[in-house]
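In what follows, a structure is listed as structure tokens, so that the remarks can point back to it.
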Amino acid sequence: MPIQQLPPHVAAQIAAGEVIERPASVVKELVENSLDAGAKGISVSIREGGVAEIRVTDNGRGIAADELGLAFTHHATSKLSTVDDLETVSTLGFRGEALPSVAAVARVVCATRTPDSEAGARIEFRYGNSLGERSEGCPPGTSVEVSDLFGALPARRKFLRSAAAESSRIQEVVTRYALAHPEVRFTLSVDGREAVNAPGSGRLQDAILSLYGSEVAGRMLPVSLADGEVSVDGYVGAPDLNRRNRSYTTLLVNSRWVYDRSIYFAIERAYQGTLPERRFPLAIVNLCLPPEQVDVNSHPTKREVRFRQADRLFSLVQRAVREALIAHAPVRTATRSFSPTHAPSPVATSPAPPRPWTPDVSVPVPDGLALSATALAPAEGSLRDVLADLRVVGQIRQTYIVAEGPSGMYLIDQHAAHERVVFDQIRQRMQEEARPSQPLLVPQTAELSVAQSGTLESYVSLLADYGFVLEPFGDRAWLVRALPASLAARANPDASVALRELLDAVAVEQVVMEREDALAATVACHGAVRAGMTLAQAEMDALLRQLRATENPHHCPHGRPTVVHFTEYQLEREFGRR
Ligand code: ADP
Ligand code: MG
């Protein structure tokens, strides 16, 4: 075939593929236009996954009749005029490509009226061909009706999923924009059934309530943190609200819905140790920053952006979410196994055998417990407050501290709690660059396995920072001259055993933590009081005081809970008082 210039409508249909991939892309572009037009109400209705019909109606500022034809031509926009404007663009659109792209691949009717004009205007297209323009009476605002999407492009239609799948993508788009703009009333009707109805009250809580329901809304924790001209706000779910994928994590940058791998990771890192593997948090995080610090023109559908100070944003988001989780999370309440319906026997006098920690998530909690857990969450205050009020009753199995608190009984895992305390101390000292190291009277040799010496090689300078003084001593053997003070404090430490255990453990931790945290957690674990140690009353009191002062009293550095709460309600139920 000889080279030939494609006819404009063919070129347009091909180019439209960049912007309009599927029905949800049409909805996204039209909703963005409505938002840019200052609409306070946007209603979307779709039929058959949006393939048969998509209609988006808004009450925004409308398009002047004499500009309507222009709006449907390529590179026609009212949102910027020079390249420099890109630096500070605050509208969602700016490329002038959406309307012509939609018109190239579907039948389109657009009716619009500006508030100050008497008559409205209507324009119609069929797969890129204009079917003419005329004046028409319509309310102020704009309505765009798109039907028979990809009707003339069987190759594109083939790639669409089922109507149900396409509908749910559309619902996702509307949901995210309703979260991004709680001041706008959004409705979505799917085949005549109302799927979204967000009130547009201006309060994000109200949007969350209408979109995700009251159970979720009641367990979202407010996020708010600023650093200079950059701020993070929104709501994040308590860890047990987790989901199977990331579709409940909404990242907004200056109220623009975007995906950013690194910021998503920052949000997930903030949950570290509190979510089970491959579960994702429910979160709405809005990052506000000066427009010149973000490049919104780096992706054809503007789905991704580029940040000028990505590292700073990463740590700000992580800190914001983490602080919210720690400040507001209620104390973990004992679940399931304590319920009468699940108890192994009514007279369970011997303690249940220890079982590996599994997070109590996504398991429906039996009736009464669910009731007490939710009822208590707001009344209870943070774990920090609870810890201040605990009265230690005693110790059981030399492992758990029993305490009475504001609303029931609390069991504290002494090892997990102390591990958290030591971990925080270690990290604190690292920051202060005080590295207490305890020289050994007699240096000890440690023979290492191949794996251990591999780990040691990658950790050798970090180990020195922590107070290890090590010297190579022949093939795979090392001379230990000093230990971190927190390890040496344990009665009669065998330095070579301590080093070997540490290297094994750190190799495991490293999989889920950053190297530095992995080492701190392992050193903390080895320096912490073990289960199986008798503690005096004063020691238990001191431990709870110290736990209260830690950065995250809820979990040990490995993510196991430190405190479990048995509510009064649960106790009363167990004893048949309720
Ligand atoms: P862009 O949004 O990038 O400017 P579009 O092709 O989406 O490009 O829209 C072209 C122009 O049409 C916009 O710049 C805007 O002036 C106008 N327009 C589109 N949709 C609407 C709407 N719902 N209300 C008011 N004006 C609109
Ligand atoms: Mg647009």
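Since every read-out is calculated from the coordinates, none of them should be taken as a lab result. No experiment lies behind these values; they were computed from the predicted model shown. In this analysis, Cβ positions are derived from the backbone assuming ideal geometry, glycine residues included, and neighbour counts consider all displayed protein chains.
Observations on the model:
- Spin-label zone in the range 88-102 - amide nitrogen under 14 Å from a point set 7 Å from the Cα of residue 229 along the C-beta vector: 88-89
- Among 331, 469, 296, sorting on how many other beta-carbon atoms sit within 10 Å of each Cβ, with the fewest leading, yields 469, 296, 331.
- Counting other Cβ atoms within 10 Å as a rough exposure proxy, the listed residues 453, 214, 43 run 214, 453, 43 from fewest neighbours to most.
- Low-density loop cleavage sites - trypsin sites (Lys or Arg not before Pro) in the range 221-260, where at most 12 other Cβ are within 10 Å (DSSP): 244
- Stokes-Einstein diffusion coefficient of the chain, Kirkwood radius over Cα pairs, 25 °C, 0.890 mPa s, in µm²/s: 88 µm²/s
- Exposed-site-free run, longest, the chain (rule: chymotrypsin sites (Phe, Trp or Tyr not before Pro); DSSP loop; at most 11 other C-beta within 10 Å): 160-574
- Furthest towards positive pole of dipole, 129, 151, 162, structure part the range 121-176, Cβ charges: 162
- Among the GluC sites (Glu not before Pro) found in the range 187-296, those both in a DSSP coil and sparsely packed, with 12 or fewer other Cβ atoms within 10 Å of their Cβ, are 229, 277.
- The length gained on full extension between residue 183 and residue 74, counted as 0.36 nm times the residue separation minus their Cα-Cα distance, comes to 36.1 nm.
- Placing unit charges on each Cβ (+1 for Lys and Arg, -1 for Asp and Glu) gives the chain a dipole about its Cα centre, and among 100, 529, 309 the Cα reaching farthest toward its positive end belongs to 529.
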